[in-house]
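Read through the structure below, which is laid out as structure tokens, and then see the notes.
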Amino acid sequence: MAIDPMMINPILDIYKKMIVECEEKQISGENFDKMCEVYDRIEQLGKELSDFNEFNAIVMRENLYGMFGDYYGRALMDVAKSNETDGYDDAQLLKNNLEALKDAIKTIKEEYKNALSRAENEGDRREVEVLHNPDSIIKPIEDLIALGEEEGMTYPDFLRIQIERGLDKAAEGTVATKSGLQFIKGSVECNPSSPYELRIWEEKYKSFEAISAKSKFGVPNLMELSMADDDIERKYYFQDEQFRKITKIWEGLLSSLSLWSLAHASFAPYIDPWKRFDNPPEQVRYEINVTPGFFVQELAQLEEIFGIGFYDIFTHETF
């Protein structure tokens, strides 16, 4: 089941408009194609997943927002560079590049405001403010513009100096990735699905900091970061999966027991879930007669696979 459109569409709309803007300007090429591939991946996750927190986790792990912003900026810069063969002089190339960067800032700000206006509640608004706050993306772009507008700046010097100062790396979106990591880690701390999920995000954040610290410009190597994240997830995969499966089984057992007990009440045919059926009394009798068999089977699986009996549930770490 896909994520609620009211939650996912404000995110998709931001990036879709950037793609449409490029298409209207007849921008094409490798970077534009990669930008579209990243968007397709974000859209795919929105359709495949039903848990918005899981969606955010995967998007941040794969650095999709940062990659989209990087390819978007590069696609705009490609336009300026391609004009070199059309007889443009050095000053014109620099001007085109700076105008493209300024247009990018306008688009990012406009779409951020639109996303905020579409937020349904305060919780959604705070999520947009954290995951899509444009400040961390705009600041590096503004630094590039300021460099290009320095007196006497030439286009070759502009390209050379931005690399020497790490401004090109700063514009790749890793600051936004860090903000996203902080947000997800904080969300998990408030409501962890397992203690291992919390450890995973704590270690991912520490890994981000450590890899960033090794970089000359404080920007982590994305390949190294991705490999480190994979190592962390593999480290806790078995414990996390086992914790979730045990929890799912005993939650089902207790839910079945609760419904079975409720089915014995005289008012059972008049309440959910039985009142929704065509013949509520018959469905209540079915619940009373059939549930014990399913209960015994589920409990037997819990005991056989995990060595946990019924009374052990209430003292287990998952309870």
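The values are calculated or read from the model by the stated rules, or taken from the named source; none is laboratory data. Note that the structure is a prediction, hence the values are computed from the model and not measured. All Cβ positions, even for glycine, are placed from backbone atoms using ideal geometry, and neighbour counts span all protein chains on display.
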Number of positions in the stretch 269-301 that are basic (Lys, Arg) and more than 41 Å from the chain's Cα centre (by Cα): 1
Of the criteria (1) closer than 27 Å to residue 238 by Cα; (2) surrounded by 12 or more Cβ atoms within 10 Å (Cβ to Cβ), which one residue 274 fails: (1)
Could you tell me how many of the residues in the stretch 196-249 are of a type in the set (S, T, N, Q) and at pLDDT below 85? 4
Restricting to the stretch 20-43, name every residue that is modelled with pLDDT of 85 or more and polar (S, T, N, Q). 31
Looking only at the stretch 234-247, decide whether some residue is over 30 Å from residue 208 (Cβ atoms), in a helix (DSSP H, G or I) and without any contact (Cβ under 8 Å) to a residue 12 or more places away in the chain. no
